[in-house]
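Visitor: Take this structure, written in structure tokens, and hold onto it; I'll ask about it next.
Where a number appears in this text, it was derived from the coordinates with a stated rule and is not lab data. Model, not experiment: these values are computed from the prediction. Cβ: placed from backbone, ideal geometry, glycine included. Neighbour counts: every protein chain shown.
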């Protein structure tokens, strides 16, 4: 390799990479097909670079007035139990993928009406240095627009976001 | 996985952040970089932050020269890190279309870019070109945000 006279300040050229470029990858999921694909890609990437992963799902808080059928037919306690169960099912998919790949994995469940806040807050709290997520979630119009939560994560996240289709 | 990375550059500070990160990433993974610079063949430089945009009559040669310099700068940084790099300059109306087309033509399996470009409003929304790339990309896109000024991200 030619070595130009001026070296960029960021990277010494010859030092071998002693630690992975990313150490802890946050994998948010809402159970959509797109986020399932992103999970698999994130876990594969973690295996390749020697990182660990954090699976995260955010469920909305209970509201008395709601258009969400899961809330309408339920009491706060029942709703909390049902959403906990749903979250555990979503996170089990992350756990399974990580186990199959031999990637260390931690699971987090957040209650938040703003999933992007839970995503960014969890990344910061657990020291994640990369977020891998889908361009669209359950509510996205596939192929047309960027999902609104993804968009908000991109704007507010201080760490890189690897967006999968 | 992620063996050939498209790195669009527009010469802005935001794209510089993405460029540096892309070089470090490619070095760690043993990937190649394709540095893409788009000479925007349309007088979209109303705010004329770039010194070459003094002539609204569109000096395409100056634009192309500047674009080529941007791509070459990325490749120089890549070379310094031992990362193989191809510099690519294209003329196009739409940077996002050029990015998507180049990713396909160059068989890139990852696109690395800033959350907004020269004209983006960082606090309010991701840059429109970045959004168009995210909406249209067939491969994953790594989005880097610049260091937040004044507020912890």
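Visitor: Shape verdict for the range A:24-164, please, from the Cα gyration tensor: rounded (a/c under 1.5), prolate (a/b greater than b/c) or oblate.
Guide: prolate
Visitor: Another question about this same structure. How many Cβ atoms of partner chains, on average, are near each residue of B:29-36 if near means within 10 Å of its Cβ?
Guide: Working: counts 6, 1, 0, 0, 0, 0, 0, 0.
Per-residue shielding by partner chains comes out at 1.
Visitor: Express as a percent, rounded to the nearest 5, the fraction of DSSP beta bridges in the range A:24-164 (both residues included) that run antiparallel.
Guide: Around 0 percent of the beta bridges assigned by DSSP in the range A:24-164 are antiparallel ones.
Visitor: Please find the FRET efficiency linking residue A:63 to residue A:37, where r is the Cβ-Cβ separation and R0 is fixed at 30 Å, and quote it to the nearest 0.05. Can you show the working numbers first?
Guide: On the way: r = 31 Å, r/R0 = 1.02.
Between residue A:63 and residue A:37 the formula returns 0.45.
Visitor: OK, next. Provide the FRET efficiency to the nearest 0.05 for the residue B:72-residue A:126 pair, computing r from the beta carbons and using R0 = 51 Å.
Guide: Approximately 0.80, to the nearest 0.05.
Visitor: Multiplying the sequence separation of residue A:82 and residue A:19 by 0.36 nm and subtracting their Cα-Cα distance, what value in nm do you get?
Guide: Taking residue A:82 through residue A:19 to full extension adds about 18.6 nm, to one decimal.
Visitor: Within a 10 angstrom radius of each residue's Cβ in B:128-141, how many Cβ atoms of other chains show up on average? Whole number is fine.
Guide: On the way: counts 0, 0, 3, 4, 1, 2, 11, 9, 2, 4, 1, 2, 10, 7.
Taking the mean over all residues of the peptide, I get 4.
Visitor: Okay, next question. Counting alpha carbon pairs within less than 8 Å and at least 6 residues apart, what relative contact order, in whole percent, applies to the range B:65-117?
Guide: Over the range B:65-117, the number comes to 24 percent.
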